Each structure stands twice: as C-alpha cells, then as structure tokens.
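What follows is a short report on a single structure.
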Amino acid sequence: MEFLQVNPFHYLTVAAAMFTIGALGVLTRRNAIVVFMCIELMLNAVNLSLVTFSNMHNNAAGSMFVFFVMVIAAAEAVVGLAIIIALFRNRQDVDINNMNIFKW
Amino acid sequence: MQFNIQDLIQTMPLVMLLVTGLLLMLSDAFNLRSLLPWLAGLGLTASLVLALPLQPGDQAIVPVYNNMFLTGGLASFVHIALCLGALFSLFFIQDFFQRAGKVVDEIYAILVFSVIGMIMLANSNDLAVTFIGLETMSICLYVMAALLKTRQSSNEAGLKYFLLGSFATGFLLFGMSMLYGITGTTQFTLMSQTDMSGNILFLPAVLFILIGFLFKVSAFPFHNWTPDVYQGTPTPLAGFMATASKTASFIALGMFLHQTMPVLDEKIFWILVGSAVISMVYGNIVAARQTNLKRLLAYSSIAHTGYVLLGLASGKEGFIAVIFYAFIYTIMNVGAFGLIGMNEIEEEDAEVSRWNGIGLRKPWFGVAMSVFLFSLAGIPPLAGFMSKYQVFFAAVRSELYVAAIIGVLASVVGAYYYIRVIVNMYFTKSETETSHALPSCAMSPTIGVFVLAALTLALGIFPSPVYTWIESLFQGSGMLAMAGF
C-alpha cells in the first residue's frame, strides 16, 4: 500500500496540473470573465504549491505568503470585474475576440 | 521576529506617502477637490525630502523589518527617483482631465498608492514583499489605464492590461513558489547562500520569474500589450506608466538577479542578452511605421527596454548605468507624453499629422518637443545621449561587443522616426486648420514642460553629479558587496 500514501510530490503534481489548466484556459477561452477565472485558478495552484513547500521545509514563510496571495487576488478581482463591467456597459459584450480597436 | 521602532523611523518616507494617500482619499470625501493636486505634490515632495541622504552615514543600505525591505543608500535614491517621476507626471494630470471633460478625483490617491507599490517592489529583499509591491503597483496601473470609463479605447486598454498583467503575475508567482521550494526561504540574501544551480527546478523557477518581470518592462516576447495599453490610457498617465513602473521593475529585477545569484547563470545571462537585442531591433523597426505618436512612443519604449536589459546583463557597471538610464528616461519620456497630452482632447488627436506645422504656430511647444525627441533618439548634448552611452560602454566593458554594435545600429534606425516627427512639426504645412485652443497653454503643464526640458538639457551637459551619486551608493552598499558585487 506504499503507493497509496499521499506525499508532497502528489500535491505538487496537482498544483502543476491546476496551473497548466489555468494557463491553457487563459489562452483558449474567449469570454473575459472565464479568462479571469482561469487566472484565479493559476493563483490557487501557486497557493497549493506554496503550502506544500512550506510543509516540506517546516517553516512558515510559505504559508504566510499564501495569505498575501489570497488578499491580493481579492483586490485584483475587484479591479478586474470593475473594468469588465465598464466595458460591458459600453459594448454589451465581453468577448475578447471583439476587442480590436487597436491594430498596428 | 520583533517589532523595532528603529525600522519605523527608517521607513518614514514610505509612511509619509501612505499618510498622503489616505488623506487624499479623505479630502475627496470632504469636498476639497481643488486642493487635491497640491496635497499630492506636497506629500510626494515631503517623502522625497525625508529620503534624502543628509548624514554621511546614510550612504549604506540598511535592511529593516527582519531583512525584508531595504532603506538608505541605493534604496533612498530609488525612492527619490520614483517620487520625482510621480511629481513630474502630476504637472500634466489635472489640465488633461479638465480638457477631456472628466474630472476624476481619485487619480491622485491612485498615483500615490502606485508609487508606494513601486518603492516596495524596487527596494524589497524578500519574495513576498516583491510580490506585494508589484501587485500594489499593477492594480493601480490597471485602474489608470481604464480611467476614462466612457471611452471604449480606455476600457479596452484597461482590460488588455489587466488580463495579460495578471496572467504574467501568475507565472511570476509560480516561479517564486518554486524558488521557495528549492531554498526554503523567501529572502534574497539567504537564497544566495544556497547553491541552487544544481537543482532541477532552478531553471524553470528563474524563467517563470523572468517572464513576470519581462512582461512588466515590456521586453521582447512579452511586449504586445504595450502599444495598445499606452494608446488607450490617458496620456499623462501613460507617461507615468512607461517610466516609473519600468524603473521600479528594472531595479527589482536587477536586485533580484544580483542578490540571489552570486554568479549569474549562463543560460539566464543569454536569455537577458537575447531579449535585449531583439527588443532593440524590433522596437525601433516597428516604431518607424507608426502614425500615432503614442504608439510610436510605446514601440520606442520597447526599444529602450532593450537597451536597459543589455545594461542589466553587464554586471555591476551595467547596473549603475541602468539606474542612471531609468532616471533620465523618466525625465524625457514624462515630458514627451505630457506634451502629447497637451495637444490632445479626443483620442485620435495623437496622430502625427496633427502635429504638422506646430513648431511654427507655437514655437516654444515645438522646441520643447524637439528637445525630448532628440534626447530619446540619443543625440548629444542631451541627457538621452549620456545614458545610452553609459549603457553601451558597460556592455562593451563586459565584452558584449556584438550586442552593443547591434544596439548602436538599432538606435540609428530609431533616430529616423524621432526626427520624422520633428520634420512634421517644422517643414510640413498643416492641412486642416485647427481652430480650437490646442495645444493647451495652462500654467502647470507649461511649467512642467519647462522644468523637464531644462533637466534634459542640464543632465546632458553635466551628467556627473547624478552619475557619481549613483556610483558612490554602490561603493557604500555592504549588502550588494556581499552578494557578488
């Protein structure tokens, strides 16, 4: 039953998988809110890996870091959603494919 | 871990800015609108004066709050440079928003808070502080980009900057967590004591962190947001965004690389050089075919990022040159963006053709713009020449001959599009007669332009006071000496 034991490696794999899913989501999704959710997923993957490393090294620096990441993710959500709402008011649409005022 | 009153005294300049920011928010509530720019300027000046190294002992860097943050010495200089960047931008903001018909009172508080973020970012000695500083800065910048919320261009700029910026932050953060996993600490100076280079996670960790930083400074593979965001952002704020935030990110990147790694890893070194060279070439070539002045300056800022990255790759002398460059670039670019803002009401007003014949209609306006553009092109005796010279000189000293030659050639190409604008200003007749009162002749932006143009000229002729000041800070800083300098 050795292989059923959960060790840090498993947590890190989950974190890396979550991060990849988030990054791929950002690159493929077309709705600004879904893209934003994928970014949040990436930040949470980082939180998971920070907590794992913190546990591995037996010090609290990583766990403290996680609190700051969560607070800043919340602040970012406030600003990001406000920008998306302002955009929606002007164009009734948050599809990032239609965001093409600027071209070179 | 204990709280030390000495630390609080050391960080007084930062506390001063924090108090200013909070007061700005409060005075908004008490309807003291006309005082806001004055209050912001006063707070920034007070913080700058508090950071001035007045005693001889102030030359050394002092780590505070359990080695998490740096004050004194080089850190004070960075503080002063960033406060100056915000002060210069302040000259142009009020007038611009009045003419755009959107008075946004919050902008002064946002400006001051973003300066706090920049200072935290540039002077941090800990991954957590770097991250908090970077995000404090970035979130304020996202708001600035989207500030004119009834304009679609501003919305789009804000959303693009926000989505791409937080995407890059995600990478940066993942890299930081890996670095923490390797070393078991978040402090730069403690990291340098662990030999990381053998670890399998080391290269991905530093690469991810580099992605985050290269995005913030808009270096080559991560530059695409720059022209769109600068074009949509209210012009004086775009100037602030292009200068102060880049200064902070460059210094943070340099401090991070030099403090964590006693010897710069060879692969990372070549990534920096490669990104620098491609940024210089790409930025200058693409800028040559722009018709919108803000986009032109955005591509030129990608090119300037290339020059600065080359400096970052050239060791200690390069880092001195980088700080000098960032300081000069702040002065000339805030001035250039400020002038564009003065000649603009609607968003399409930044077209180069709108500047036809302006040098003859408004002589002082044309002269000031020429000074900034010549300086950006790196033509002596203006400040831009001195800073470029120092960077290339440092690159040659560290035997990056090919990169330095490419850089010089790229900046020759760059001279073409700056001078094209000047040709438009003096030798092309304006086709559409503009009847409305542009460029603006309000008091504060005019003073700002005068001050910045005078500084550009003065620092080109006498660069040595600032340069030797930066140099002396490097001799005095024990922390940097410890970490391989």
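The values are calculated or read from the model by the stated rules, or taken from the named source; none is laboratory data. From a predicted model like this one, the values you see are computed outputs, not experimental measurements. Here Cβ is always computed from backbone atoms with ideal geometry, including for glycine, and neighbour counts include all displayed protein chains.
The table for this structure:
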item	result
Breaking point among (1) farther than 21 Å from B:Ser440 by Cα; (2) modelled with pLDDT of 90 or more, for B:Gly315	(2)
Some residue of region A:15-25 being more than 8 Å from every other protein chain (Cβ to nearest Cβ), modelled with pLDDT under 95, in a helix (DSSP H, G or I) and exposed (fewer than 14 other Cβ atoms within 10 Å of the Cβ)	no
Residues of region A:88-98 satisfying the condition of being within 10 Å of chain B (Cβ to nearest Cβ) and in a loop (DSSP other than H, G, I, E, B)	A:Val94
Residue count for region A:60-104, restricted to those that are out of contact with any helix residue (DSSP H, G or I) (no Cβ under 7 Å at 6 or more places or on another chain) and among the charged types (D, E, K, R)	4
Single match in A:Met56, A:Met42 (criterion: touching a residue at least 40 places away in the same chain (Cβ under 8 Å), at the interface with chain B (Cβ under 8 Å from one of its Cβ atoms) and closer than 20 Å to B:Leu179 by Cα)	A:Met56
Which numbered condition B:Ser124 fails, given (1) facing chain A (nearest Cβ under 10 Å); (2) crowded, with 24+ Cβ neighbours inside 10 Å; (3) of a type in the set (Ser, Thr, Tyr)	(1)
Selection from region A:59-87 of residues that are over 19 Å from B:Phe167 (Cα atoms), surrounded by 14 or more Cβ atoms within 10 Å (Cβ to Cβ) and more than 9 Å from chain B (Cβ to nearest Cβ)	A:Ser63
Of all residues in region B:176-202 being facing chain A (nearest Cβ under 8 Å) and in a loop (DSSP other than H, G, I, E, B), the one that is surrounded by the fewest Cβ atoms within 10 Å (Cβ to Cβ)	B:Gly184
Condition met for B:Gly85 (at positive phi and away from chain A (no Cβ under 14 Å))	no
The listed residue being touching a Gly at 6+ places or on another chain (Cβ under 7 Å), hydrophobic (A, V, I, L, M, F, W, C) and more than 28 Å from A:Met64 (Cα to Cα), out of B:Phe30, B:Phe88, B:Phe77	B:Phe88
Within region B:134-153, tally of residues that are modelled with pLDDT of 90 or more, over 18 Å from the mean Cα position of the chain (by Cα) and more than 7 Å from chain A (Cβ to nearest Cβ)	1
Sole exception among (1) crowded, with 22+ Cβ neighbours inside 10 Å; (2) closer than 14 Å to B:Tyr299 by Cα for B:Asn224, by number	(1)
Helices (runs of 4 or more DSSP H) completely within region B:5-100 that count 2 or more residues being closer than 24 Å to B:Lys246 by Cα	B:12-29, B:36-51, B:74-100
Residue count, region B:448-468 (criterion: more than 21 Å from B:Ser89 (Cα to Cα) and either without any contact (Cβ under 8 Å) to a residue 60 or more places away in the chain or loosely packed, with under 15 Cβ neighbours inside 10 Å (or both))	5
Region B:161-171 - residue that is more than 7 Å from chain A (Cβ to nearest Cβ) and surrounded by 24 or more Cβ atoms within 10 Å (Cβ to Cβ) and, of those, farthest from A:Ala45 (Cα to Cα)	B:Tyr161
